[in-house]
Every structure is written in C-alpha cells, then in structure tokens.
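Structure record follows, encoded as structure tokens.
The values are calculated or read from the model by the stated rules, or taken from the named source; none is laboratory data. Please read these numbers as outputs of a predicted model, since none were measured by experiment. Positions of Cβ are backbone-derived with ideal geometry, glycine not excepted, and every protein chain shown enters the neighbour counts. Side chains included, ligands, DNA and RNA excluded: accessible areas come from the protein's heavy atoms. Shrake-Rupley method; radii C 1.70, N 1.55, O 1.52, S 1.80 Å.
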Amino acid sequence: MLVLEQVVVERVVPGVPMHFEIYRDHKDEWRWTLYASNGRKIADSGEGYQDKDDCLQGIEVVKQASHSGVRERPSPPVPPTTPFGFSPPKA
C-alpha cells in the first residue's frame with residue numbers, strides 16, 4: 001500500500017498571503033506551486049523532484065530570484081506592409 005504525503009492549503013481565502021504549496025504528483029515526485037493572495041496560480045516547479053529537500057531548495061531559488069531585476073526582451077522587427085496590408089515581395 002502506497003501512502004502519499006500531501007500538504008493541503010485552502011486557495012481562496014481572503015487575506016491569505018501569497019504562498020507555496022508542495023505535493024507529490026502521479027509519478028510520486030515532489031512539486032511546488034506558487035499561489036497569489038487571490039488564490040490564482042502564479043508559477044509552478046515545471047519538473048518533479050525525487051527528494052522533498054530538493055523541492056524545497058527549488059522554492060528557495062525562486063524566493064532569492066524575486067529580488068532580481070527585470071529585463072524586457074526586445075520584440076522582433078515587424079515587417080513593413082503596404083497600405084493594403086500585404087508585405088512587399090522579397091527581392
């Protein structure tokens with residue numbers, strides 16, 4: 001018989017601050033999800049961890065990165081169009 005450890009957090013409670021939830025997935029791997037104070041999912045681990053401590057370390061990495069700066073990625077150039085909305089033919 002397989003017993004999975006599970007952390008249950010009520011997600012939609014006014015006034016509950018942003019929080020992480022950890023859990024085991026269908027492959028018995030540890031994962032985390034970050035929820036906003038309004039209960040909406042902001043981010044997740046994107047991968048499973050074999051060890052709970054590794055999952056918790058992943059959360060710590062995200063917490064430390066929260067102090068990082070933000071960089072905007074340049075948008076690719078938009079090709080010019082004619083007044084009719086067609087792109088000019090390539091030479």
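Residues of segment 25-76 that are touching a strand residue (DSSP E or B) at 6+ places or on another chain (Cβ under 8 Å) and open to solvent by 100 Å² or more (accessible area, probe 1.4 Å): K41, Q50. Within segment 23-58, the residues that satisfy the criterion of being aliphatic (A, V, I, L, M), within 13 Å of the chain's Cα centre (by Cα) and not in a loop (DSSP other than H, G, I, E, B) are L34, I42, A43.
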